[in-house]
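Visitor: Please read through the structure below; I'll follow up with questions.
The values are calculated or read from the model by the stated rules, or taken from the named source; none is laboratory data. Predicted model only: the values in this text are computed from it and were never measured. Quick reminder, even Gly has a Cβ in these numbers, built from the backbone with ideal geometry, and neighbours come from all protein chains shown. With ligands, DNA and RNA removed, areas are computed over all heavy atoms of the protein, side chains included. Shrake-Rupley method; radii C 1.70, N 1.55, O 1.52, S 1.80 Å.
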Amino acid sequence: MFHLHLSLMLGVLIVYALGTAFYLIALKTNEIRWGRYATRLTYAGLAVHTATLLIRWYEAGYLPITNFYESLSFFAWSIVVLYLLLEYRYDIHSLGAFVIPIAFAAIFYAMLLPSEIRPLNPLLQSAWFKVHVPLSFFAYSSFAMSAALSVMYLILEKQIKSKRPHAFYYRLPSLEVLDALSYRLISIGFSLLTITIIIGTFWSLKAWGSYWEWEPKQTWSLISWIIYATQVHGRSVSGWRGKKAAYWSLLGFLTIIFTYLGVNVFGGGLHGFL
Amino acid sequence: MQIVAVGLNHKTAPVAIRETISFPEAVVRDALKTLSKYKHIKECVILSTCNRVEVYAVVDEPEKGIHSVKTFMAHYNGKKTSDLEDHLYTYHGRDAVNHVFRVVASLDSMIVGEPQIFGQLKDAYNFAFESGTTRSIFNTLFKYASQVGKEVRSETQIGKNAVSISFAAVELAKKIFGDVEGKTVMIVGAGEMGELTARHLVSNGVSHVLVTNRTFSKAEELAEQFHGTPVPFEKMYEKMVEADIVISSTGAKNCVISKAEVAPVLQRRMNRPVFFIDIAVPRDIEAEVNSLDNAYLYDIDDLQMVVAANIKEREKEIPLVEAIIHKHLKAFLGWYSSLDMVPAIISLRRKLDNIRESEIARSSSSLAKLPPELREQVEILTKSIINKILHDPVTELKKQAEHSNGYAYVEALGKLFNLKIDHQEK
């Protein structure tokens, strides 16, 4: 079973790599068929990926987001799910070239990490875990998506401003669509992050005896929360949009990366295992 | 039977020639009737647009048929054939079909990807069909041509990306706003290009038009045309807060819209973007406006540059279009060669039979000396020689009829044996 899981993961990695390549070709050539191939591949990749997660769940007997390896896989999975939803809803193929590589990179990184199943950390034997962790990853992937859209916005904005239309000018959706979509994802991510943090405080009270421990992951997620809160507030009150909003969204995602990876890599804190 | 195409277009003939050789809708039926009475012409279609005049015909002999068409084109327009000779191009066979497909795919147009030619060619065919100057070959050819036109438009982006200034401006607006539906446009001044661009925007869904002019009555006049609102010139900046798109085309010598005045407008708009289109020469809007966040300023040169880039972008699609043409060319020629193959084979057999019979007739006096059963034997023997000779080539020809190059075999066969192939004999 374990070998099956690993070989399936390798399959997922290859499919996402091909998906990335096809989305990039579609972006470069603007040929409709490459976009279609890319989408089909990504759906196939998602199907296999979902299967590996289910197998892992079955094998381990608990929700498999308990260590760095598993969380990277889940993070990639949530990005692909979210992306396919957006592509279906908004017909925005060009975004694939920006986010499927993130999923690929996450799986690639995961495959370098120890992946054996270990007994569940007693701390995680809790109902809170099943909500807190998946929610946080859906928040992360919303922010990742929003950051990708912001990068697209900045590229397109620069091309329109400098009056030098290149490939991106022809392939990307309009500024307003990119800006609005990025903001929508930030509001979704922000709501999810808020719920995650609130649930976290209750769990913290139960597990560690206080609502807030000021350990690195908590502190960093609070910083991310403040940045996104500022942006949501700025948008509704004083019309933060366009380039400024795009930069804030990138800044927010940088802190998210640090909340997720930095704290894991540099270790420390009660959240250290994840 | 051969397909030929004879024509002149913007590349081969100056407008002075093009305007004298034309078949406008009013005369095209008569022209078709006239042409169909010329020698060697079996089917014909006449395409006449302002950039090209082309005659497509099915002829029994290519050189003579082409000559008929040339004579017709000149005489019908009161010219001498020699006046046209230098400007005409001619294609026959496979090249003619390829040419028809390139025309319908708009690869041969002055602006690659322009959409009108598809409809024009369709009309040309319909006139010919109604006038009874098309039969099975052209009915099929133009069905394929129409397929090429449709596929090129749905499967490639050759017709995308504007190649005129005013449409390029509309596309840019869409690149900024996504959808211009419900947006507000402000027209400053009363230049013609400004009005035209505004009209395109309105037909794309812009819902509200503000018009301002130093002479208020002119603003009122134009506003009325757009069912819009006239704005006194002094209140321009005040109302600009509502405008998502500002088109300026005044006749003023100096700048009318300055960065210093636009900056507060943008702030009051809560950073919603504004697209400034400056179509005036000399320019109306200070170039520095473009340096403001969320303001995008394009003057006429910038738009020209976008058009140039758009044309390049269209040209990138050409290989895809050519692939579509190639596919249909193969399919059509496959059909076409199967059409001629059977008559060609019949004609070959008849020729050999005729030779056999005439040779036997020539020797009839010596054959008469033979006993009847031996004479019978000679008949059988000569027939069987013909059958044996024909067997391999006929098998191969039938096989080739399935392929697009079967057409070349028919042609070679006709030349080698000097056959008169009449495909009506099918």
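Visitor: Looking at segment B:75-86, I want the residues that are open to solvent by 80 Å² or more (accessible area, probe 1.4 Å) and have a partner that is of a type in the set (Ser, Thr, Tyr) and at pLDDT 90 or above with Cβ atoms under 6 Å, at least 6 apart or on another chain. Which pairs are those?
Guide: Sorted first by the residue in segment B:75-86, then by its partner, the list stays empty.
Visitor: Which of the residues that make up segment B:241-267 are surrounded by 15 or more Cβ atoms within 10 Å (Cβ to Cβ) and basic (Lys, Arg)?
Guide: B:259, the sole residue that qualifies.
Visitor: Additional query: Among the residues of segment B:371-413, what is the count of those that are closer than 15 Å to residue B:345 by Cβ, out of contact with any Asp or Glu (no Cβ under 6 Å at 6 or more places or on another chain) and not hydroxyl-bearing (Ser, Thr, Tyr)?
Guide: 19
Visitor: Just to check your reading of the model, which residue among B:224, B:238 is surrounded by fewer than 17 Cβ atoms within 10 Å (Cβ to Cβ), within 26 Å of residue A:235 (Cα to Cα) and not hydrophobic (A, V, I, L, M, F, W, C)?
Guide: B:238
Visitor: Moving on. Of the residues in segment B:12-52, how many are touching a Phe, Trp or Tyr at 6+ places or on another chain (Cβ under 7 Å) and either exposed (fewer than 14 other Cβ atoms within 10 Å of the Cβ) or more than 15 Å from residue B:134 (Cβ to Cβ) (or both)?
Guide: 4
Visitor: Are there any pairs with C-beta distances below 7 angstrom linking a residue in segment A:160-189 that is more than 8 Å from chain B (Cβ to nearest Cβ) to a residue that is open to solvent by 40 Å² or more (accessible area, probe 1.4 Å) and of a type outside the set (Phe, Trp, Tyr), with the two at least 6 apart or on different chains, and if so which?
Guide: A:167/A:28; A:168/A:155; A:179/A:241
Visitor: Restricting to helices (runs of 4 or more DSSP H) lying wholly in segment B:236-344: which have 2 or more residues that are within 29 Å of the chain's Cα centre (by Cα)?
Guide: Those helices (runs of 4 or more DSSP H) span B:300-315.
Here's the yes/no breakdown for (1) farther than 21 Å from residue B:228 by Cβ; (2) within 14 Å of another protein chain (Cβ to nearest Cβ); (3) without any contact (Cβ under 8 Å) to a residue 24 or more places away in the chain; (4) over 25 Å from the mean Cα position of the chain (by Cα):
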{"residue": "B:157", "(1), (2), (3), (4)": "yes, yes, no, no"}
{"residue": "B:165", "(1), (2), (3), (4)": "yes, yes, no, no"}
{"residue": "B:168", "(1), (2), (3), (4)": "yes, yes, no, no"}
{"residue": "B:181", "(1), (2), (3), (4)": "no, yes, no, yes"}
{"residue": "B:197", "(1), (2), (3), (4)": "no, no, no, yes"}
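Visitor: Within segment A:178-196, can you find the residues that are surrounded by 20 or more Cβ atoms within 10 Å (Cβ to Cβ) and of a type in the set (A, V, I, L, M, F, W, C)?
Guide: Of everything in segment A:178-196, those that are surrounded by 20 or more Cβ atoms within 10 Å (Cβ to Cβ) and of a type in the set (A, V, I, L, M, F, W, C) turn out to be A:178, A:181, A:185, A:186, A:190, A:192, A:193.
Visitor: Go through (1) open to solvent by 20 Å² or more (accessible area, probe 1.4 Å); (2) away from every other protein chain (no Cβ under 14 Å) for residue A:9 and report which single condition fails.
Guide: (1)
Visitor: Still on this structure: Please determine whether any residue of segment A:204-216 is in contact with a helix residue (DSSP H, G or I) (Cβ under 7 Å, 6 or more places away or on another chain), open to solvent by 60 Å² or more (accessible area, probe 1.4 Å), closer than 30 Å to residue B:173 by Cβ and hydrophobic (A, V, I, L, M, F, W, C).
Guide: Scanning segment A:204-216 turns up no residue that is in contact with a helix residue (DSSP H, G or I) (Cβ under 7 Å, 6 or more places away or on another chain), open to solvent by 60 Å² or more (accessible area, probe 1.4 Å), closer than 30 Å to residue B:173 by Cβ and hydrophobic (A, V, I, L, M, F, W, C).
Visitor: As an exercise: evaluate residue A:259 against (1) closer than 30 Å to residue B:268 by Cα; (2) polar (S, T, N, Q); (3) open to solvent by less than 10 Å² (accessible area, probe 1.4 Å) and give the number of the one condition it does not meet.
Guide: With (1) closer than 30 Å to residue B:268 by Cα; (2) polar (S, T, N, Q); (3) open to solvent by less than 10 Å² (accessible area, probe 1.4 Å) applied to residue A:259, the lone miss is (1).
Visitor: Next up: Return the residues of segment A:125-141 that are of a type in the set (A, V, I, L, M) and farther than 22 Å from residue A:258 by Cα; say none if nothing qualifies.
Guide: Correct list: A:127 only.
Visitor: Is it fair to say residue B:369 is modelled with pLDDT under 90 and more than 30 Å from residue B:326 (Cα to Cα)?
Guide: The answer is yes for residue B:369.
Visitor: Related question: For segment A:212-245, enumerate the residues that are among the hydroxyl-bearing types (Ser, Thr, Tyr) and either closer than 18 Å to residue A:153 by Cβ or more than 13 Å from chain B (Cβ to nearest Cβ) (or both).
Guide: A:219, A:221, A:224, A:228, A:230
Visitor: Continuing with this model, one more query. Which of the following residues is at pLDDT 95 or above and in a helix (DSSP H, G or I): A:71, A:78?
Guide: Just one listed residue meets the conditions, A:78.
Visitor: Of the numbered conditions (1) within 14 Å of chain A (Cβ to nearest Cβ); (2) outside any helix (DSSP H, G or I), residue B:175 fails exactly one; give the number of that condition.
Guide: Among (1) within 14 Å of chain A (Cβ to nearest Cβ); (2) outside any helix (DSSP H, G or I), residue B:175 violates only (2).
Visitor: Would you point out which residue out of A:36, A:40 is within 14 Å of another protein chain (Cβ to nearest Cβ), open to solvent by 20 Å² or more (accessible area, probe 1.4 Å) and assigned to a helix (DSSP H, G or I)?
Guide: So the residue among A:36, A:40 that is within 14 Å of another protein chain (Cβ to nearest Cβ), open to solvent by 20 Å² or more (accessible area, probe 1.4 Å) and assigned to a helix (DSSP H, G or I) is A:36.
Visitor: Further question: Go through (1) surrounded by 17 or more Cβ atoms within 10 Å (Cβ to Cβ); (2) in a helix (DSSP H, G or I) for residue A:85 and report which single condition fails.
Guide: (1)
Visitor: Report, by residue number, each residue of segment B:293-320 that is farther than 17 Å from residue B:281 by Cβ, within 7 Å of chain A (Cβ to nearest Cβ) and not aliphatic (A, V, I, L, M).
Guide: B:293, B:294, B:296, B:313
Visitor: Does residue B:279 satisfy being aliphatic (A, V, I, L, M), open to solvent by 20 Å² or more (accessible area, probe 1.4 Å) and closer than 20 Å to residue A:165 by Cα?
Guide: Spelling it out, it is not the case that residue B:279 is aliphatic (A, V, I, L, M), open to solvent by 20 Å² or more (accessible area, probe 1.4 Å) and closer than 20 Å to residue A:165 by Cα.
Visitor: Would you pick out the residues in segment A:49-82 that are among the β-branched types (Val, Ile, Thr) and surrounded by fewer than 18 Cβ atoms within 10 Å (Cβ to Cβ)?
Guide: A:50, A:55, A:81
Visitor: Also: Just wondering, is there one or more residues in segment B:108-123 that are among the hydroxyl-bearing types (Ser, Thr, Tyr) and part of a loop (DSSP other than H, G, I, E, B)?
Guide: For segment B:108-123, residues among the hydroxyl-bearing types (Ser, Thr, Tyr) and part of a loop (DSSP other than H, G, I, E, B): present.
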